[in-house]
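Here, each number is a calculation from the coordinates, and none is a lab measurement. Note that the structure is a prediction, hence the values are computed from the model and not measured.
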């Protein structure tokens, strides 16, 4: 009996460990420690805001975003108007999740990418999100990159 239970636990643990992937197109890809997110062009923080919004590779206003397509918000501490210059930000951690917007029909799928700056930029994080329903799923890092286009670029650290 004990051998059967141990074999069952070992099978479950090995199944979980094999779900990791090195492919950003995979749902099982985790951004490796030591990776960076590069801002490739200037971003404008509008007056009275602490964020800029990117969708389909373009900087847009909050009111213009399509909630049902991946949109990303870069959060900073200080209010605008001001400009964030191109820079490489260190990714300190990421979190994926979902929450109800209107139960049981609208879910919000999101990925939070926490960032730090070596140059003292007051960066907090980038939050990418899209609305969907119970049949949808969170998006991959590759899908996030496509939504960001060339505004931001992920540089993944190689695992040692």
Next on the checklist: Could you give the length gained by full extension between residue 92 and residue 67, i.e. 0.36 nm per residue of separation minus their alpha carbon distance, to one decimal place?
Outcome noted: 6.4 nm
Checklist entry - Tilt of helix 2-17 relative to the longest C-alpha principal axis of the chain, in degrees (0 to 90, nearest 10)? => result 20
Item to check | Principal axis dimensions, region 22-140 - Cα atoms, whole angstrom, descending | outcome: 41, 35, 21
Next on the checklist: How large is the Rg to Rh ratio of region 74-129 when both quantities use alpha carbon positions and Rh follows Kirkwood?
Outcome noted: 1.10
Item to check | Listed residues 124, 101, 60, most fluctuating in the chain (Gaussian network, C-alpha, under 10 Å) | outcome: 101
Next on the checklist: Given contacts defined as C-alpha pairs under 8 Å and at least six residues apart, what's the relative contact order of region 31-155, whole-number percent?
Outcome noted: 33
Checklist entry - Once fully extended, how much extra length lies between residue 38 and residue 122, figured as 0.36 nm per residue of separation less the alpha-carbon to alpha-carbon distance? => result 28.7 nm
Item to check | Most mobile listed residue (26, 102, 116) in the chain, GNM with C-alpha springs under 10 Å | outcome: 102
